[in-house]
Amino acid sequence: MLRPVLTATAWMVHLYTASSAVFGLWAVHAVFAHDYKLAMELMLLTLAIDSTDGMLARALDVRSRIPWFDGRRLDDICDYFTYVLVPACFLSEAGLLPHPAWAALPVLASAYGFSRSDAKTDDHFFLGFPSYWNILAIYLHLMQISPGVSLAITLALCLGVFVPLRYVYPSRTRVWRPLSLALLGFWGLSLVGLVLHPEPDPFWLWLSLLGPVYYVGLSLALNLPRLRDTGAAAGRSG
């Protein structure tokens, strides 16, 4: 009696993951309708789904309930759509870049990043910039960054996809996980508030950048021991 219920629950988790693609499709429609506020709200909703579906799947042991269905592949498909293609449409249509064609660069760079077999390391880090183009698009729009500066930032992050630095996987990286979940959760709520506000206060908008600064700073700090070991090994071999 319990087994069918657990299997049905596992399918509901997969449906929850897949729903992010549906909301992403809605976001694309909003982008081309020039309803950028709705598009940002939907991008944040897909981010919230992606931030919680993995924890649900692990808590309910979804893999053992439906072993023939690859939830990770489903998650990657949805993530590439909602983290890359949807914000690329936003960058292009909202005039955030000097020419719409520049939006192809994140699409191509992230196609490489998502295709790496080691894109997620065994100890739960992302390898290379983890394609947070949705967050970038939201900040560029809210802060009204000039197209030239936006392009420079976009190019730098595209290069970051190819640089094998390890970035924190907030829900799984063990180092400082409780603090990261608390701070990034609060940051996420603050960003939601800024997007929902008709005219976000520039002070709070800039202050909210402390969330991404913490994320990048912690990631870089955790790379330092590996970089020192690599440098020391290179010195010994030389």
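The values are calculated or read from the model by the stated rules, or taken from the named source; none is laboratory data. This structure is a prediction, so every number in the text was calculated from the model and none was measured. All Cβ positions, glycine included, derive from the backbone under ideal geometry; neighbour counts span all protein chains shown.
Considering (1) touching a Gly at 6+ places or on another chain (Cβ under 6 Å); (2) not in a loop (DSSP other than H, G, I, E, B), the lone condition that Phe129 does not fulfil carries the number (2). For Ala111, the requirement of being among the hydrophobic types (A, V, I, L, M, F, W, C), under 16 Å from Leu209 (Cβ atoms) and at pLDDT 95 or above is not met.
Selection within the range 145-172: residues that are of a type in the set (A, V, I, L, M, F, W, C) and not in a helix (DSSP H, G or I). The member of this set that is surrounded by the fewest Cβ atoms within 10 Å (Cβ to Cβ) is Val163.
Residues that are under 18 Å from the mean Cα position of the chain (by Cα) and assigned to a loop (DSSP other than H, G, I, E, B) within the range 86-116 comprise just one, Arg116.
Only one entry in Val175, Val213 is exposed (fewer than 13 other Cβ atoms within 10 Å of the Cβ) and either acidic (Asp, Glu) or out of contact with any strand residue (DSSP E or B) (no Cβ under 7 Å at 6 or more places or on another chain) (or both), namely Val213. Restricting attention to the range 40-76, the residues being more than 13 Å from the chain's Cα centre (by Cα) and of a type outside the set (Phe, Trp, Tyr) number 23. If you check Leu6 against the conditions, is it over 20 Å from Tyr132 (Cβ atoms), among the hydrophobic types (A, V, I, L, M, F, W, C) and at pLDDT below 95? Spelling it out, Leu6 is indeed over 20 Å from Tyr132 (Cβ atoms), among the hydrophobic types (A, V, I, L, M, F, W, C) and at pLDDT below 95.
Quick check: is even one residue across the range 54-77 over 29 Å from Leu196 (Cα atoms), touching a strand residue (DSSP E or B) at 6+ places or on another chain (Cβ under 8 Å), in a loop (DSSP other than H, G, I, E, B) and touching a residue at least 24 places away in the same chain (Cβ under 8 Å)?
no
Taken together, Pro198, Pro225 contain a single residue that is over 17 Å from the mean Cα position of the chain (by Cα) and outside any helix (DSSP H, G or I), which is Pro198.
Out of Asp76, Asp53, which single residue is charged (D, E, K, R), more than 29 Å from Val149 (Cβ to Cβ) and buried (at least 20 other Cβ atoms within 10 Å of the Cβ)? Selected residue: Asp53, the only one of Asp76, Asp53 that is charged (D, E, K, R), more than 29 Å from Val149 (Cβ to Cβ) and buried (at least 20 other Cβ atoms within 10 Å of the Cβ).
Matching residues to (1) aromatic (Phe, Trp, Tyr); (2) over 22 Å from Leu184 (Cβ atoms); (3) surrounded by 14 or more Cβ atoms within 10 Å (Cβ to Cβ):
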| site | (1), (2), (3) |
| --- | --- |
| Gly71 | no, yes, yes |
| Thr82 | no, no, yes |
| Ala94 | no, yes, yes |
| Phe125 | yes, no, yes |
| His141 | no, no, yes |
